[in-house]
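**Q** The following block contains the structure, expressed as structure tokens.
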Amino acid sequence: MVPLKHDLIHGNRYQIPTRRCLPLGLYQSYVEAAHLDILASNTHMIQGSGIGFSQIEADNSAIGEWIERYAASHQHPKDFIFASETDLRNQGKIFLPVETCIPFIPAQYDSNFPYQTWQKDDVLSWIESKNILNQESVWVPAFTVHLPHNTEWDQKKNFILQTSTGIAAGKNMQDATVGGFLECAERNAFAEFWYRQDHWIKRIPIMNQQDVLTTYRHPKIKQLFDNTRVQIKLFDLSVLSSIETHVVVLFFPYKGQLFQSMGCASRFMKEDSIIKACLEAYQGVEYAIGLSQKPEDWIQNMPEFENINSFDKHFAFYNRFPQWRKKSPILQAALSPESYFPDQEIGSNKIHSWDEVNQLNIGQILVVPISTEDVQSQGFEVVRVIVPNWNLLTGVHSQPFLKYLKAQSSENLFLSYPHPFP
């Protein structure tokens, strides 16, 4: 593997020492750069981390994550049109309705809700995307693309909590698009799994380390799972997705406490999905230990858990307050040493390559190129991929994205306790 260029990152780069609980042959890297607002970024500092089976892999992963965030933090009004939906309709432009981009349901809007409701005459900033399923131009609200988005261009209205889902870098547009799409698929499946865990926990295969090692002969799977210093549970979400998706929950000892980490991945091939999900879980070991060093009052065990208002706090919650693991069927299954296989295994038809993506019944896969000139000069392309009507995952526990779960009024979603997704 060729090392990626890192001339763009004028900051610090570190090789992270390997923890004792990680298997031999894994490497980790971390990069950061500050004062990016001087370079017209919408943020001051950006970090990136990565893990791999070689130091080059880990470095490339960290650099790629940094570049994604860097490119997404730039926006310029020359790329926008400013219009209401009525204006766009009158101009004959095809557009993604604002309502489609807002993942909340009406019942969530109360006096304390921090986001505004969209009004049909609101003038917003729009940016052009392409629906890669038919090459059609589709204008999308800019707040769905750039991260962070400057609401000055939207009459200072803020409609959603932004996420990074679908932002991806690659050596060309197709590589970046595939990466962004697979991340959207991963979040879509995980949100369904977590919020309906009481339903799905008895309908999916759950494998302990030994059963994974018996079932799969891939050398990288053996390297990751043949580790007695950790406890790993593999959840196969094949029932929930047309793309292979797996969740790994990993428990490891640290300073007399059992810590947990989690990874999730979607890939076109099952073994690739398992490997990526487990790598992410191992990458979370350092993350979990680092978050445990935060001040005691950084995260609080309060009623309704309104203090859990970032992805960092979501990830740290069950390590700081492990007693709440017993409330989650997923985490209880992860703690059990047993495997579980449903009596009647069901699953959706899978696609196994990007060339088959047209077989999915999803209508639109919208892609917005967001590379900056300096990113392109380093040989990268960065995109934001949007798949309308797929689930996103919130970073604020009190503001779950419920619209595309399409819950029935009598349905009991798992909303009381935070998800542990990093």
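**Q** Of all the accessible heavy-atom surface of the stretch 40-92, with the other protein chains kept in place and a 1.4 Å probe, what percent is carbon and sulfur?
**A** C and S atoms contribute 47 percent here.
**Q** What are the ³J(HN,Hα) couplings of the stretch 57-62, residue after residue, when phi is run through the Karplus curve with 6.51, -1.76, 1.60 and θ = phi - 60°? Round to Hz, x for glycine and proline.
**A** 4, 5, 4, 4, 5, 5
**Q** A further question on this structure: Can you send over the solvent-accessible area of E192, 1.4 Å probe, protein chains only, in Å² to the nearest 10?
**A** 30
**Q** Between helix 270-292 and the chain, what is the angle of the helix's C-alpha long axis to the longest principal axis, kept within 0 to 90° and rounded to the nearest 10?
**A** Here the helix axis deviates by roughly 90 degrees.
**Q** If you don't mind, another one. For the pairs K202/K406; K5/K171; K5/K222; K93/K130; K276/K327, note any where the Cα-Cα span goes beyond 23 Å.
**A** K5/K222; K276/K327, as the Cα separations exceed 23 Å there.
**Q** How many angstrom lie between the Cα centre of the stretch 234-294 and the Cα centre of the stretch 138-210?
**A** About 17 Å separates the Cα centre of the stretch 234-294 from the one of the stretch 138-210.
**Q** Same structure again: Could you give the accessible area per residue of the stretch 296-422, probe 1.4 Å, as a whole number in Å²?
**A** With all protein chains present, the stretch 296-422 gives 50 Å² per residue.
**Q** Does the stretch 1-159 come out rounded, prolate or oblate, given a ≥ b ≥ c as the square roots of the eigenvalues of its C-alpha gyration tensor, rounded meaning a/c under 1.5 and, failing that, prolate meaning a/b above b/c?
**A** prolate
**Q** What do you reckon, how do W66, W390 stack up by accessible area (1.4 Å probe), largest on top?
**A** Accessible-area ranking of W66, W390, largest first: W390, W66.
**Q** To the nearest Å, what is the center-to-center distance of the stretch 310-346 and the stretch 78-127, using C-alpha atoms only?
**A** Spelled out, the Cα-based centre of one part sits 37 Å from the other.
**Q** At R0 = 22 Å, how high is the FRET efficiency between H35 and S292 if r is their beta carbon distance? Nearest 0.05 is fine.
**A** The value I calculate is 0.15.
**Q** Report the relative contact order of the stretch 334-422, percent, no decimals, based on alpha-carbon pairs under 8 angstrom and at least 6 residues apart.
**A** Rounded, it is 16 percent for the stretch 334-422.
**Q** Next question. Which whole-number percent gives the relative contact order of the stretch 90-205, counting Cα pairs below 8 Å spaced six or more residues apart?
**A** 20
**Q** Expressed in nm to one decimal, what extension gain is obtained for the pair T117 and Q155 from 0.36 nm per residue of sequence separation less their Cα-Cα distance?
**A** Fully extending the segment from T117 to Q155 adds 12.4 nm.
**Q** From Cα pairs below 8 angstrom and at least 6 apart in sequence, can you work out the relative contact order of the chain, rounded to a whole percent?
**A** Worked out over the chain, it gives 19 percent.
The values are calculated or read from the model by the stated rules, or taken from the named source; none is laboratory data. All values reported here derive from a predicted model rather than from experimental measurement. Note that we place each Cβ from the backbone using ideal geometry, even for glycine, and neighbour counts take in every protein chain shown. The accessibility values were calculated without ligands, DNA or RNA, using every heavy atom of the protein model including side chains. Shrake-Rupley method; radii C 1.70, N 1.55, O 1.52, S 1.80 Å.
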